Amino acid sequence: MDEPELPLSANELAVRLVSLRNARRERQAAQRRIQNRRKSLSAQERRTVLEKTDGRCHICGGFVQDRWEADHVLSYSGGGHDATANYLAAHSLCNNYRWDYTPEEFQWVLKIGVWARKRMEEKSRLGDEMRKRFFRYEVRRANRREGAPQFVAAIMENTEVPRSEPSKANKPPRTPFTALQGQYLAFI
């Protein structure tokens, strides 16, 4: 499959996406019924998997540091086995977003994601709304993480993040969230 076939209408696209999601859920449910335990990789097997990608994430191409996952090339729920030949190194974030999608479903996710990012960059009404909603979604995710700064919840109370930054003299130290907020401010 080179590229997913474009349905004849937007409604048919929605039906296709739901169909792909439902098929994935059915595969996952069937795999859970089998209840085969996945085997853990030994330290040597993990080194072998990491060497196959020359220390890079096979999804985004970035260097893999200490924490990485051995990603099934053919998903476990799709019948993939726990053999080193079926694993490639991946960042946890990349692997979790790639998740258990079929090739067609993953290609749609990529295409829709790139299209959405372009709308956000254009600063259209649709792009502004998507950007704001996505930012709120990411703040909620950050707030659920252990050790999240308390002020993240306070920001969630507001529908807008203030656009003005403090003067350099009064600038608070940068934390992961203020770095994220700074990216958002530069983006809008």
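Values in this text are rule-based calculations from the coordinates and carry no lab data. No experiment lies behind these values; they were computed from the predicted model shown. When we count neighbours, we look across all protein chains shown, and the Cβ atoms used for this are built from the backbone with ideal geometry, even at glycine.
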task = Return the aspartates and glutamates within reach of Lys132: Cα separation strictly under 17 angstrom, same-chain partners fewer than 8 residues apart disregarded; answer none if there are no such residues.
result = Glu121, Glu122, Glu157, Glu160
note = Taking a straight Cα-to-Cα line shorter than 16 Å from Lys118, and setting aside same-chain aspartates and glutamates fewer than 8 residues away, one finds Asp128, Glu129
inquiry  = How far apart, in nanometres, would the label points at Asp82 and Arg67 be if each is projected 7 angstrom from Cα along the Cα-to-Cβ direction?
reply    = 2.3
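Let me know the shape class of segment 8-96, please: from the alpha-carbon gyration tensor, a ≥ b ≥ c as square roots of the eigenvalues, rounded when a/c is under 1.5, otherwise prolate if a/b is greater than b/c, or oblate.
oblate
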task = Pull out the extension gain between Ala29 and Leu13, defined as 0.36 nm times the separation in residues minus the alpha carbon to alpha carbon distance; nm, one decimal.
result = 3.3 nm
query = What's the extension gain from Arg141 to Lys118 if we count 0.36 nm per residue and subtract their Cα-Cα distance?
reply = 6.0 nm
